[in-house]
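What follows is a set of notes on a single structure, which appears directly below.
The values are calculated or read from the model by the stated rules, or taken from the named source; none is laboratory data. What you see is a predicted model, and the numbers here were worked out from it, not measured in a lab. Glycine gets a Cβ as well: all are built from the backbone with ideal geometry, and neighbour counts include every protein chain shown. The area values use the complete protein model at the heavy-atom level, side chains included, leaving out ligands, DNA and RNA. Shrake-Rupley method; radii C 1.70, N 1.55, O 1.52, S 1.80 Å.
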Amino acid sequence: MEAPRKRLRFDADDLSDEETFGLDSTQPSALSGIPQDHEPQKDEDELRLERILFGKLSAPKVKPRKKEIGDSPDAEQYVTTGLENVRDEDLFVMDDLVTPVTDLLGDEEDEIPQMSESSVESDDESESNGPQDSTSAYPPRPTYEIPKIKSAWADPSDDNIKISLAADTRLYKLRDSLADDEVTGRIYEAKLRRQFERMNPTPEWATNARGKLHQKRKRLSSLDGAEDEHEELEHLLRSTSGILNTSAKASALPSDSLKIEHLRDANSAARSYASILSVRFHPSPTVSVMLSTGMDNRLRLFNIDGLMNPLLHTVHATELRKPRAIFHPTGSSILLTAERPYYYVYDIQSDRFVKSSSAFWKSTTSRGRILQDRVVDSFSMSKFSPDGKFLAVGGRDGYVYLVDWSQNITGGPVTGSMKMNTDIKDLCWVGQDQLMTLGDNSEVYLWDIGMRRCISRWRDEGTYKPNILEGSTKGDYYAVGTHTGIVSVYDRSAVRQDSMGRSVNPLKEITNLKTSITSMRIDPSSQLIAAASDDKECQLKMIHLPSLKVFANWPTPMAIHGSVTALDFSPGTEYFAVGNDKGRVMLYSLKHFAV
């Protein structure tokens, strides 16, 4: 029995009008009004099947634009992009015009050569003479000139390191082609340098500076044969001196306002959490180191950069109570003193402590017995001479002892002494061979160190209970702080050497502070005086020394936190450090000097 044939199913949309209705094409049709190019509608299944078999043949329609006035209501107008008939391989072009890393690596291992102009010209000629491909329409990547700078040191193990550029997606941009995978450490370094120079081109100011340096080198070489540009650059990089204009440091400081900025605390890396007793900067302008001591009996050294101020070293002085510290003028050692009849010297190079000898004890005989009595109660009143050869120590009964420091960085014997008629309150050096001391009766003595005698003595009748004496580095000014908060400023040239017992009037008495002056410093440029008191909080004033005016814009009520216990200026006056009773060392930048 023959199987029945399966009836075929036709869709009316697949047949023409004549086949559907059985009409002859020559006869008029009722559907003659329908356009001949009318496309039959397809259902979703047929469209999906076509996409599976043949793919998506037609370009996707974009969002229709808004209809404008005059458009027919049935018209659908689409915005075209002009890329509907472009093939996919024409849309994406692999850029293979990358400078090979082998061109960046020279024949010598200690040099970084640059691309030669001849190779670039040959490539241009080959492209102009040869057939033009699809990539010729794109401009070539710019070539960056890498100067031939001899490396200071080359690690031979770099060639043994293997780095995969295909293992990490972040290294894909370093490949010259898809086949690049493993490279040596030396090639990897050259690729990183090339990528960095692409993303960070040479700035205009650097190009202009190099051009000026090149012109200067050519001009000098024509006269006396100056050194090469590379040697000048190497000398500049090896030097720690300033490269910017230093005219601001030599100019006068304005007296109307003080431009100052609060930076990160100097001891933020290792805060004391106890009252700060002393703050001192290293005497060398090229060394940005600051020391601080506190009630926790610790000496800390910080590297002052204005940003992080990292901690360098910490020393615990167990035998000293309330230690204070100062740098030796050479910067090779630190003197630590306290309320003890001896001192310690910390040698920075060898990292060791040296205790002073028993030279500050005198022997007395009482009823046949030899008694030891100390001549110095505290070494807190100790200061080095500007050349570092002597240490002046204030002792009992108005004595001033001179310790020889010229032979050994840890101190030597006592070479001499001088005596005032009253108890000594403070002292300061005036030049290399003169010392100034302050008595509790407001008398000031000027001593000649070579002759060991007083060459001048005067009194200020308006000074009551003096506390502190501070002199400028240049020796042209000195100031006296009193128990009542008055700061008296004197001109050194107004004091004559034959004024024995005469009265000297100060240039001006600063009465802005009402409590006892406990800290006072004059900056190295002799343009600023910082005076403070620890009796109350925020008791600090900055005085313009040439005009003897107090700056009104600083400090503000919220600028200084706690009671000021110590302060100091850096050798270049670009930094100003303030220690308080909370264990903080606040750091400020003086904009006039920070060039």
Open item on the list: Against the definition (within 21 Å of Val564 (Cβ to Cβ), charged (D, E, K, R) and more than 16 Å from the chain's Cα centre (by Cα)), how does Arg298 come out, yes or no?
Closed with: yes
TODO: Tell me, please, whether a residue that is part of a loop (DSSP other than H, G, I, E, B), among the hydrophobic types (A, V, I, L, M, F, W, C) and either at pLDDT below 95 or open to solvent by 40 Å² or more (accessible area, probe 1.4 Å) (or both) can be found in the stretch 325-337.
DONE: no
- [ ] Please indicate, with yes or no, whether at least one residue in the stretch 474-482 is at pLDDT 90 or above, assigned to a loop (DSSP other than H, G, I, E, B) and under 22 Å from Leu258 (Cα atoms).
- [x] no
- [ ] Scan Asn408, Asn421 and give me the residue that is exposed (fewer than 14 other Cβ atoms within 10 Å of the Cβ) and modelled with pLDDT of 85 or more.
- [x] Asn421
Open item on the list: I need the full set of residues from the stretch 385-427 which are over 18 Å from Arg452 (Cβ atoms) and not polar (S, T, N, Q), in order please.
Closed with: Pro386, Gly388, Arg396, Ile409, Gly411, Asp423, Lys425, Asp426
Task: Enumeration of residues in the stretch 379-404 that are of a type outside the set (Gly, Ala, Ser) and open to solvent by less than 10 Å² (accessible area, probe 1.4 Å) - done: Phe379, Leu391, Val393, Val400, Leu402, Val403
Task: Residues that are under 24 Å from Ser570 (Cα atoms), touching a strand residue (DSSP E or B) at 6+ places or on another chain (Cβ under 7 Å) and open to solvent by 30 Å² or more (accessible area, probe 1.4 Å), drawn from the stretch 305-324 - done: Pro310, Leu311, Leu312, His313, Thr314, Lys322, Arg324
Open item on the list: I'd like the full set of residues that are modelled with pLDDT of 60 or more and among the small types (Gly, Ala, Ser), limited to the stretch 338-385.
Closed with: Ala338, Ser350, Ser356, Ser357, Ser378, Ser380, Ser382, Ser385
Open item on the list: So Thr286 ticks every box in (1) modelled with pLDDT under 95; (2) over 21 Å from the mean Cα position of the chain (by Cα) but one. Which box is left unticked?
Closed with: (2)
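Let's see how each residue does on (1) of a type in the set (Phe, Trp, Tyr); (2) farther than 30 Å from Leu545 by Cβ; (3) open to solvent by 50 Å² or more (accessible area, probe 1.4 Å); (4) at pLDDT below 70:
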position: Lys249; (1), (2), (3), (4): no, no, yes, yes
position: Ala252; (1), (2), (3), (4): no, no, yes, no
position: Leu277; (1), (2), (3), (4): no, no, no, no
position: Phe281; (1), (2), (3), (4): yes, no, no, no
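One line per residue, one yes/no per condition, for (1) out of contact with any Asp or Glu (no Cβ under 9 Å at 6 or more places or on another chain); (2) in contact (Cβ under 8 Å) with a residue 40 or more places away in the chain; (3) within 22 Å of Leu277 (Cα to Cα):
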{"position": "Tyr490", "(1), (2), (3)": "no, no, no"}
{"position": "Arg502", "(1), (2), (3)": "yes, yes, no"}
{"position": "Pro506", "(1), (2), (3)": "no, yes, no"}
{"position": "Leu513", "(1), (2), (3)": "yes, no, yes"}
{"position": "Ile517", "(1), (2), (3)": "yes, yes, yes"}
{"position": "Met520", "(1), (2), (3)": "no, yes, yes"}
{"position": "Asp523", "(1), (2), (3)": "yes, yes, yes"}
{"position": "Ile529", "(1), (2), (3)": "no, yes, yes"}
{"position": "Ser533", "(1), (2), (3)": "yes, yes, yes"}
Open item on the list: What pairs come out if I take residues in the stretch 450-478 that are open to solvent by less than 20 Å² (accessible area, probe 1.4 Å) and pair them with residues that are in a strand (DSSP E or B) and among the acidic types (Asp, Glu) whose C-beta lies under 6 Å away, six or more apart or interchain?
Closed with: Ile455/Asp448; Leu469/Asp426
- [ ] For residues that are in contact with a Lys or Arg (Cβ under 6 Å, 6 or more places away or on another chain) and either small (Gly, Ala, Ser) or open to solvent by 30 Å² or more (accessible area, probe 1.4 Å) (or both), tally how many sit in the stretch 254-269.
- [x] 2
